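First up is the structure itself, then whatever we jot down about it.
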Amino acid sequence: MKTSRRGALAIGLGGAAVAVAQPVLAQSQPRSFMVSTWDFGAAANAAAYSRWKATANLLDALEAGAQVTEADASNHSVGLGGYPDRDGHVRLDAIIMDDRGNVGAVAALEDILHPISVARRVMEKTPHTMLVGAGARQFALSQGFETTRLLTPEAEAAWRKWLETAEYKPVANSENQRGSALDHDTIGLLACGPDGALAGACTTSGMAFKLRGRVGDSPQAGCGLFVERGVGAATATGVGEEITRIAGTARVVASMRAGMRPAAACREAVRHIAQLRGDAVKDAQVAFLAIDTRGEVGGYALQPGFTFAVTDPEGRTEVRAAESLKGPRGAK
């Protein structure tokens with residue numbers, strides 16, 4: 001089934017044209033180079049593509065793409081300007097992974113602008129796969145990273161406003177409500193090289209106003225991100241606790257290993273969460289995004305509204321809307 005397009009929303013991103021397409025479940029499509037979650041993924045893809053053209057290294061590309069979102073103070077999902085925990089601390093999580101089993105992650109990292117880069121150092125410079133909290137910060141400083149105040153005046157004002165009621169309730173699709181006090185979550189990026197090599201990255205400031213010490217799915221291999229050589233890669237977004245309950249991205253990749261196409265594998269994981277959790281997720285958003293070794297991309301969500309940015313090998317980017325279980329075409 002070919003992608004059906006609606007009116008183009010064209011914006012310039014590193015010379016790439018960006019359009020918005022209607023929901024697609026399992027389309028026959030030309031090869032894609034990379035994909036990332038949400039509409040703001042288009043800017044990350046542009047930076048990643050530029051770095052890939054310069055170095056031909058997938059990890060370099062993904063790190064560069066993630067850094068764009070981490071440094072965007074207007075995006076309250078990730079990094080600088082991210083909404084803090086309920087005690088007013090911005091704590092960041094990130095993971096980077098290739099298809100040779102190399103993985104590095106950090107969780108609950110404070111005062112460092114680019115947690116994705118620290119995660120890569122964990123992968124390349126230590127025998128470990130994850131460092132957390134004060135230990136992650138100490139490691140970052142030992143590697144030459146400088147401290148940055150991550151709590152911006154805008155984010156601090158939103159936090160103080162939240163303190164008036166102190167109600168904690170994740171809101172579906174908050175990532176696309178740019179600049180609101182509901183804007184919190186993740187960017188996940190996946191790439192497939194021309195030789196079928198795979199890699200992925202994920203970085204986040206986590207749920208806004210979370211309990212201090214909370215870690216969601218994003219930095220956990222097999223939950224927020226998973227990559228397997230010869231099969232595919234997957235990332236997740238939405239309420240991390242629901243994704244973690246089923247080791248969501250590991251499940252998506254396992255379904256691809258069993259022969260499912262990326263979109264179908266994402267749909268299977270979403271349906272499993274819905275069946276497992278019932279009314280507990282009736283207002284929550286959970287979404288998965290995947291790419292295989294042929295560069296085929298697929299995404300699926302629990303609620304309507306999940307978008308993702310796809311970039312082809314020539315650098316052209318399109319923002320697509322995923323099908324959803326609760327959308328008009330969801331239940332079949």
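Scanning the stretch 208-222 for residues that are buried (at least 24 other Cβ atoms within 10 Å of the Cβ) and free of Cβ contacts under 8 Å to residues at least 40 places away in the same chain turns up just one, ASP217.
How many residues are more than 17 Å from the chain's Cα centre (by Cα) and under 25 Å from ASP98 (Cβ atoms) when one looks only at the stretch 274-300? Steps first, answer last, please.
Step one: filter the stretch 274-300 for residues more than 17 Å from the chain's Cα centre (by Cα), giving 274-283, 293-296.
After this cut, where a residue has to be under 25 Å from ASP98 (Cβ atoms) as well, the list is 293-296.
The total comes to 4.
From the residues in the stretch 153-208 that are β-branched (Val, Ile, Thr) and in contact with a strand residue (DSSP E or B) (Cβ under 6 Å, 6 or more places away or on another chain), which one is modelled with the lowest pLDDT? Of everything passing the filter in the stretch 153-208, THR186 is modelled with the lowest pLDDT. Identify all residues within the stretch 270-309 that are under 20 Å from CYS223 (Cβ atoms), of a type in the set (Gly, Ala, Ser) and surrounded by fewer than 24 Cβ atoms within 10 Å (Cβ to Cβ); write none if there are none. Answer for the stretch 270-309, where residues must be under 20 Å from CYS223 (Cβ atoms), of a type in the set (Gly, Ala, Ser) and surrounded by fewer than 24 Cβ atoms within 10 Å (Cβ to Cβ): ALA274, ALA280, ALA284. Looking across the stretch 48-98, just one residue is in contact with a Gly (Cβ under 6 Å, 6 or more places away or on another chain), small (Gly, Ala, Ser) and surrounded by 20 or more Cβ atoms within 10 Å (Cβ to Cβ), and that is ALA48.
The values are calculated or read from the model by the stated rules, or taken from the named source; none is laboratory data. Quantities reported herein were computed from a predicted structural model and do not represent experimental measurements. Using ideal geometry, Cβ is built from the backbone for each residue, glycine included, and neighbour counts are taken over all protein chains shown.
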